[in-house]
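Report on one structure; see the data block that follows.
The values are calculated or read from the model by the stated rules, or taken from the named source; none is laboratory data. Everything numeric in this text was worked out from a predicted model, so none of it was measured. Cβ sites come from the backbone with ideal geometry, for glycine too, and all protein chains shown count toward neighbours.
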Amino acid sequence: MVYGDDAGFALYWDFADWAAYAAKNNTPIPTTLTRLRKDANAIINRWIGCFNVDITDARFTDWLEQLEDEVIRRMRDKKVDRAKGERGLYQPHDHLYQAERDYCITIGKILGYRVPGAVG
(Lines give C-alpha, C1' and ligand atoms only; values in the text may rest on other atoms or scores of the structure.)
Protein backbone atom coordinates (compact mmCIF):
# COMPACT_ATOMS: atom_id res chain seq x y z
CA MET A 1 0.00 0.00 0.00
CA VAL A 2 1.50 3.27 -1.11
CA TYR A 3 0.35 6.62 -2.44
CA GLY A 4 2.90 7.11 -5.23
CA ASP A 5 4.98 5.27 -7.79
CA ASP A 6 8.40 5.59 -9.44
CA ALA A 7 7.08 7.75 -12.28
CA GLY A 8 5.37 10.11 -9.85
CA PHE A 9 8.55 10.29 -7.78
CA ALA A 10 10.49 11.40 -10.88
CA LEU A 11 7.82 13.92 -11.88
CA TYR A 12 7.81 15.35 -8.35
CA TRP A 13 11.52 16.13 -8.81
CA ASP A 14 10.91 17.76 -12.25
CA PHE A 15 11.99 14.92 -14.52
CA ALA A 16 10.02 13.62 -17.50
CA ASP A 17 9.97 10.03 -16.26
CA TRP A 18 11.77 7.52 -14.04
CA ALA A 19 14.45 6.78 -16.67
CA ALA A 20 15.38 10.47 -16.90
CA TYR A 21 15.56 10.73 -13.11
CA ALA A 22 17.67 7.57 -12.78
CA ALA A 23 20.07 8.74 -15.50
CA LYS A 24 20.68 12.06 -13.72
CA ASN A 25 20.77 10.93 -10.09
CA ASN A 26 22.42 8.37 -7.90
CA THR A 27 19.18 6.50 -7.37
CA PRO A 28 18.26 3.64 -5.11
CA ILE A 29 17.49 0.45 -6.95
CA PRO A 30 13.76 0.06 -7.62
CA THR A 31 13.28 -2.59 -4.90
CA THR A 32 14.90 -0.26 -2.38
CA LEU A 33 12.68 2.60 -3.53
CA THR A 34 9.63 0.34 -3.13
CA ARG A 35 10.73 -0.54 0.42
CA LEU A 36 11.30 3.14 1.23
CA ARG A 37 7.87 3.97 -0.18
CA LYS A 38 6.20 1.33 2.01
CA ASP A 39 8.09 2.57 5.07
CA ALA A 40 7.13 6.19 4.32
CA ASN A 41 3.51 5.14 3.81
CA ALA A 42 3.48 3.35 7.18
CA ILE A 43 4.83 6.45 8.96
CA ILE A 44 2.21 8.70 7.34
CA ASN A 45 -0.69 6.32 7.92
CA ARG A 46 0.29 5.83 11.56
CA TRP A 47 -0.13 9.57 12.16
CA ILE A 48 -3.44 9.60 10.28
CA GLY A 49 -4.59 6.66 12.39
CA CYS A 50 -5.59 4.46 9.46
CA PHE A 51 -2.49 2.19 9.70
CA ASN A 52 -2.99 -0.49 6.99
CA VAL A 53 -5.59 1.41 4.96
CA ASP A 54 -4.55 4.00 2.39
CA ILE A 55 -6.59 7.19 2.16
CA THR A 56 -8.46 7.44 -1.14
CA ASP A 57 -10.29 10.71 -0.50
CA ALA A 58 -9.43 13.04 -3.40
CA ARG A 59 -9.15 16.00 -1.02
CA PHE A 60 -5.99 14.52 0.45
CA THR A 61 -4.40 12.11 -2.03
CA ASP A 62 -2.23 14.66 -3.89
CA TRP A 63 -0.81 16.01 -0.65
CA LEU A 64 -0.22 12.50 0.71
CA GLU A 65 1.59 11.45 -2.47
CA GLN A 66 3.83 14.52 -2.24
CA LEU A 67 4.47 13.90 1.45
CA GLU A 68 5.39 10.29 0.73
CA ASP A 69 7.95 11.48 -1.84
CA GLU A 70 9.36 13.99 0.66
CA VAL A 71 9.63 11.36 3.38
CA ILE A 72 11.48 9.06 0.96
CA ARG A 73 13.92 11.88 0.25
CA ARG A 74 14.41 12.50 3.96
CA MET A 75 14.95 8.80 4.63
CA ARG A 76 17.52 8.60 1.87
CA ASP A 77 19.23 11.75 3.14
CA LYS A 78 19.57 10.25 6.60
CA LYS A 79 20.68 6.80 5.47
CA VAL A 80 22.84 7.48 2.41
CA ASP A 81 23.91 11.10 2.11
CA ARG A 82 24.89 11.63 5.74
CA ALA A 83 26.66 8.25 5.83
CA LYS A 84 28.93 9.59 3.07
CA GLY A 85 29.74 12.57 5.24
CA GLU A 86 27.59 15.00 3.31
CA ARG A 87 25.73 17.55 5.36
CA GLY A 88 22.07 16.59 5.36
CA LEU A 89 18.95 18.46 6.29
CA TYR A 90 17.63 18.27 9.82
CA GLN A 91 14.66 16.03 10.36
CA PRO A 92 12.92 14.35 13.26
CA HIS A 93 13.37 10.61 13.64
CA ASP A 94 10.00 9.83 12.07
CA HIS A 95 10.87 12.02 9.03
CA LEU A 96 7.83 14.28 9.52
CA TYR A 97 7.80 17.87 10.66
CA GLN A 98 5.27 18.99 13.26
CA ALA A 99 2.99 20.75 10.75
CA GLU A 100 2.90 17.57 8.62
CA ARG A 101 2.07 15.45 11.67
CA ASP A 102 -0.68 17.88 12.65
CA TYR A 103 -2.20 17.79 9.16
CA CYS A 104 -2.09 13.97 9.13
CA ILE A 105 -3.93 13.99 12.47
CA THR A 106 -6.48 16.42 11.01
CA ILE A 107 -7.01 14.09 8.03
CA GLY A 108 -7.55 11.23 10.48
CA LYS A 109 -10.14 13.23 12.38
CA ILE A 110 -11.98 14.35 9.22
CA LEU A 111 -12.12 10.78 7.89
CA GLY A 112 -13.06 9.21 11.24
CA TYR A 113 -9.80 7.38 12.00
CA ARG A 114 -9.14 9.58 15.02
CA VAL A 115 -11.70 10.69 17.59
CA PRO A 116 -11.33 14.35 18.58
CA GLY A 117 -10.35 14.65 22.22
CA ALA A 118 -9.35 10.99 22.55
CA VAL A 119 -5.90 10.03 23.76
CA GLY A 120 -3.60 8.27 21.27
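Within the set of pairs 6+ apart or on separate chains, which have a first residue in segment 95-120 that is within 21 Å of Arg74 (Cβ to Cβ) and surrounded by 14 or more Cβ atoms within 10 Å (Cβ to Cβ), a second that is among the acidic types (Asp, Glu) and modelled with pLDDT of 95 or more, and C-beta atoms under 6 Å apart?
If the second residue must be among the acidic types (Asp, Glu) and modelled with pLDDT of 95 or more, no pairs are left.
Considering only segment 57-75, state which residues are among the charged types (D, E, K, R) and loosely packed, with under 15 Cβ neighbours inside 10 Å.
Asp57, Arg59, Asp62
Could you tell me which residue of segment 31-46 is modelled with the lowest pLDDT, considering only residues that are touching an Asp or Glu at 6+ places or on another chain (Cβ under 8 Å) and not charged (D, E, K, R)?
If we take residues in segment 31-46 being touching an Asp or Glu at 6+ places or on another chain (Cβ under 8 Å) and not charged (D, E, K, R), then Leu33 is modelled with the lowest pLDDT.
Mind checking which pairs have a first residue in segment 12-25 that is surrounded by 12 or more Cβ atoms within 10 Å (Cβ to Cβ) and a second that is assigned to a loop (DSSP other than H, G, I, E, B) and among the hydrophobic types (A, V, I, L, M, F, W, C), Cβ under 8 Å, 6 or more apart or different chains?
If the second residue must be assigned to a loop (DSSP other than H, G, I, E, B) and among the hydrophobic types (A, V, I, L, M, F, W, C), the pairs left are Tyr21/Trp13; Tyr21/Phe15.
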